[in-house]
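Participant: Take a look at this one; I'll ask things after.
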Amino acid sequence: MALAILPISQVWAKDSAHPAARELASGGSAIVREVVDGDTVILDREIAGSREVRLVGLQAPKLPLGRSGFREWPLAKDSKAALSKMILGRTIEVGFGGAQMDRYGRLLAHLTRDDGLWVQGAMLEAGMARVYSFADNRARVADMLALERSARGQRRGIWSHPYYAIRAPEALAKHINSFELVEGTVLDVAVVSGRAYLNFGDNWRTDFTVSLASKVARQFTQEGLRPESYKGRRIRVRGWLQSRDGPMIEATHPEQIEVIDE
């Protein structure tokens, strides 16, 4: 199978800063001394308490990195190589748009190269990562989703491999405990004690469901996205697939759900 990867020089013109990389809180600049994988790097100096940076908003194909029994995801080495080519040994600006550190002591940051290239954007447009956002770090997610859609439409990078294919709601049983993108039509929406359930089948005990905790459902409503409004809509949802009365994704923020029938 041919791997569709655009050279970074074709994806991003030199000296063209993407506007989505602006308006972040600056953490200062540093040199990238090591690329761990496609979404993690080590800096030459400490910034805000750490030298290790997790490129916030991205999920690149995973390498084992010493984890016993961990199976390497397809194209993980390609993703690491793309990021290495892009920023290894280069000066980058660290920018924060939400929570600044994760529980592992890694900075959660957007990176901008010294010539203005937005690293997250370049990785997504090259098809070397997918969007993986969090409720406490939502900056630039809309821009990242747009770049991901472009890469997927052109089958660049990971989007040419079946491992990263968008799943149908009825084909999820063998993908439990994995991060998935699922597309389907919401058949019904039920709200029980404040928690909202977006149901994709007639039997909520066996069919795919998206669940929103009561606090999250209120947040959706406050942002003009009443859970009930998804009924009858075709959506794309992303997240870790669990088994709870059938396959389920727990949504924690609006960017996890994209309406695709508009």
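The values are calculated or read from the model by the stated rules, or taken from the named source; none is laboratory data. Just so it is clear, the structure is predicted and the values come from calculations on it, not from any experiment. Cβ placement follows ideal geometry from the backbone for every residue including glycine, while neighbour counts extend to all protein chains displayed.
Participant: Collect the residues in the range 234-262 that are buried (at least 16 other Cβ atoms within 10 Å of the Cβ) and either over 25 Å from Arg130 (Cα atoms) or more than 21 Å from the chain's Cα centre (by Cα) (or both), keeping them in residue-number order.
Facilitator: Gly246
Participant: Looking at Gly153, Gly127, Gly116, which one is surrounded by fewer than 24 Cβ atoms within 10 Å (Cβ to Cβ) and at positive phi?
Facilitator: The match here is Gly116.
Participant: Among residues belonging to the range 170-208 that are among the β-branched types (Val, Ile, Thr) and touching a residue at least 24 places away in the same chain (Cβ under 8 Å), point out the one that is nearest to Arg149 (Cα to Cα).
Facilitator: Val182
Participant: Among the residues of the range 85-104, which ones are assigned to a strand (DSSP E or B) and either surrounded by fewer than 16 Cβ atoms within 10 Å (Cβ to Cβ) or among the basic types (Lys, Arg) (or both)?
Facilitator: Thr91 - this is the single residue of the range 85-104 that is assigned to a strand (DSSP E or B) and either surrounded by fewer than 16 Cβ atoms within 10 Å (Cβ to Cβ) or among the basic types (Lys, Arg) (or both).
Participant: Which of the residues spanning the range 35-66 are more than 17 Å from Asp114 (Cα to Cα), without any contact (Cβ under 8 Å) to a residue 60 or more places away in the chain and of a type outside the set (A, V, I, L, M, F, W, C)?
Facilitator: The answer is Asp37, Glu46, Gly49, Ser50, Arg51, Glu52, Arg54, Lys62, Pro64, Gly66.
Participant: Output the residues belonging to the range 200-219 that are surrounded by 14 or more Cβ atoms within 10 Å (Cβ to Cβ) and over 30 Å from Trp73 (Cβ atoms).
Facilitator: Hits for the range 200-219 are Trp204, Ala217, Arg218, Gln219.
Participant: Same structure again: Looking for something within 25 Å of Arg244 (Cβ to Cβ), of a type in the set (S, T, N, Q) and either at pLDDT 95 or above or within 13 Å of the chain's Cα centre (by Cα) (or both) - is there at least one such residue anywhere in the range 109-126?
Facilitator: no
Participant: I've got another one for you. If I ask for residues that are in a strand (DSSP E or B) and either touching a helix residue (DSSP H, G or I) at 6+ places or on another chain (Cβ under 9 Å) or hydroxyl-bearing (Ser, Thr, Tyr) (or both), which ones from the range 35-46 would you list?
Facilitator: Val35, Val36, Asp37, Thr40, Val41
Participant: Additional query: Kindly indicate whether any position in the range 61-84 is at pLDDT 95 or above, assigned by TED's automatic domain parsing to the domain that holds Ile31, closer than 26 Å to Gly28 by Cβ and in a loop (DSSP other than H, G, I, E, B).
Facilitator: For the range 61-84, residues at pLDDT 95 or above, assigned by TED's automatic domain parsing to the domain that holds Ile31, closer than 26 Å to Gly28 by Cβ and in a loop (DSSP other than H, G, I, E, B): absent.
Participant: Give the residues of the range 238-262 that are in contact with a Gly (Cβ under 6 Å, 6 or more places away or on another chain) and either without any contact (Cβ under 8 Å) to a residue 12 or more places away in the chain or not hydrophobic (A, V, I, L, M, F, W, C) (or both), sorted by residue number.
Facilitator: Gln256
Participant: Condition first: over 18 Å from Pro74 (Cβ atoms) and not aromatic (Phe, Trp, Tyr). Can you find one or more residues in the range 155-167 that meet it?
Facilitator: Checked against the condition, which is being over 18 Å from Pro74 (Cβ atoms) and not aromatic (Phe, Trp, Tyr), the range 155-167 yields no hits at all.
Participant: Does at least one position in the range 183-197 carry a residue that is under 27 Å from Gly127 (Cα atoms) and among the hydrophobic types (A, V, I, L, M, F, W, C)?
Facilitator: no
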